[in-house]
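The values are calculated or read from the model by the stated rules, or taken from the named source; none is laboratory data. Not measured: the values here are computed from a predicted model. Cβ sites come from the backbone with ideal geometry, for glycine too, and all protein chains shown count toward neighbours.
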Amino acid sequence: MRKQLTFLALAAVLAGSLSGCIFSPPKDDPVPPAPDGPINDTPENTIARFIWAYENKKSQEYEGLFTGDFTFEFSNSADPLLANQWSTGWFRNDEVLSARNLFQGGTNLAGEPQEAASSIDLILTRTQPVDDTEGRDPTKYKVLSTPVDALIVVPPKPPATDPTQYVVTNNSHRLFLVRGDAAASLAESQPADTTRWYIWSWKDETVGISAASGPLKTAASGPSSVTATWGRVKAAAR
């Protein structure tokens, strides 16, 4: 079972780790997951694997969770510029490249070098998908609507000397899941049967975050904390 932390507690732990403090986890903490992470054999386990892969920067495992016809939609309310920029669609390839750059480092579409995140902490308040009520077979389709908080720390790019913390707070996301036997355009490595579940659509439904417009910017020197939507972090890495 994933340890439940409040966002404030998460930030406090991270701040202590950056200052050199050492934390010892309680002895009664749950046993960590196996090296390969949870298996996406149920809707709930698919979300668990999604969180595990994102936090542990596991590119291959993360990519394996998305169908070939996957789409992501930016929030028109919180990120109108990005919603317009990607009005023709953010597809699986965009999600894959964005995640690779965030997890491993690379170069984004603007030609800007991207440092790999040094740490990612992601909190989905709800992790149990429910039946899809949009006219699809509920035995093969599920949906998860959840508030999202995250803290993503990226090492400095010269002349900056301190890492940047991207703070994602009070976002709202909806993830649509499909069982393997109903999924479209799966890769050969993705079982297309009843033993696996995948994400085929993802919508950012965040509202009311005025700091979410425009490109992400960091300070040239000194500690930097940037409030952003999760969508903005994804787009900056792409």
Looking at (1) free of Cβ contacts under 8 Å to residues at least 24 places away in the same chain; (2) among the charged types (D, E, K, R); (3) not in a helix (DSSP H, G or I), which is the only condition Lys57 fails? (1)
Evaluate the following for Thr161: is it of a type in the set (Ser, Thr, Tyr) and surrounded by 13 or more Cβ atoms within 10 Å (Cβ to Cβ)? no
Would you be able to say whether some residue in the range 69-80 is assigned to a helix (DSSP H, G or I), more than 23 Å from Val154 (Cα to Cα), touching a residue at least 12 places away in the same chain (Cβ under 8 Å) and touching a Phe, Trp or Tyr at 6+ places or on another chain (Cβ under 9 Å)? yes
Scanning the range 117-144 for residues that are of a type in the set (A, V, I, L, M, F, W, C) and within 16 Å of Val167 (Cα to Cα) gives Ala117, Ile120, Leu122, Ile123, Leu124
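Each row is one residue, and each column tells you yes or no for (1) modelled with pLDDT under 95; (2) under 26 Å from Glu73 (Cβ atoms); (3) among the charged types (D, E, K, R).
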{"residue": "Leu151", "(1), (2), (3)": "no, yes, no"}
{"residue": "Pro156", "(1), (2), (3)": "yes, no, no"}
{"residue": "Thr161", "(1), (2), (3)": "yes, no, no"}
{"residue": "Ser172", "(1), (2), (3)": "no, yes, no"}
{"residue": "Val178", "(1), (2), (3)": "no, yes, no"}
{"residue": "Asp181", "(1), (2), (3)": "no, yes, yes"}
{"residue": "Ala184", "(1), (2), (3)": "no, yes, no"}
{"residue": "Ala187", "(1), (2), (3)": "no, yes, no"}
{"residue": "Pro191", "(1), (2), (3)": "no, no, no"}
Here the residues within the range 87-112 that are modelled with pLDDT of 95 or more, of a type outside the set (Ser, Thr, Tyr) and under 21 Å from Glu205 (Cβ atoms) are Trp90, Phe91, Arg92, Asp94, Glu95, Ala99
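Yes/no matrix, rows are residues, columns are (1) surrounded by 19 or more Cβ atoms within 10 Å (Cβ to Cβ); (2) of a type outside the set (Val, Ile, Thr); (3) out of contact with any Pro (no Cβ under 9 Å at 6 or more places or on another chain):
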site	(1), (2), (3)
Pro38	yes, yes, yes
Asp41	no, yes, yes
Glu44	no, yes, no
Lys57	no, yes, yes
Phe74	yes, yes, no
Arg100	yes, yes, yes
Quick check on my filter: what residues within the range 104-142 are within 16 Å of the chain's Cα centre (by Cα) and either assigned to a strand (DSSP E or B) or of a type in the set (Asp, Glu) (or both)? Ser119, Ile120, Asp121, Leu122, Ile123, Leu124
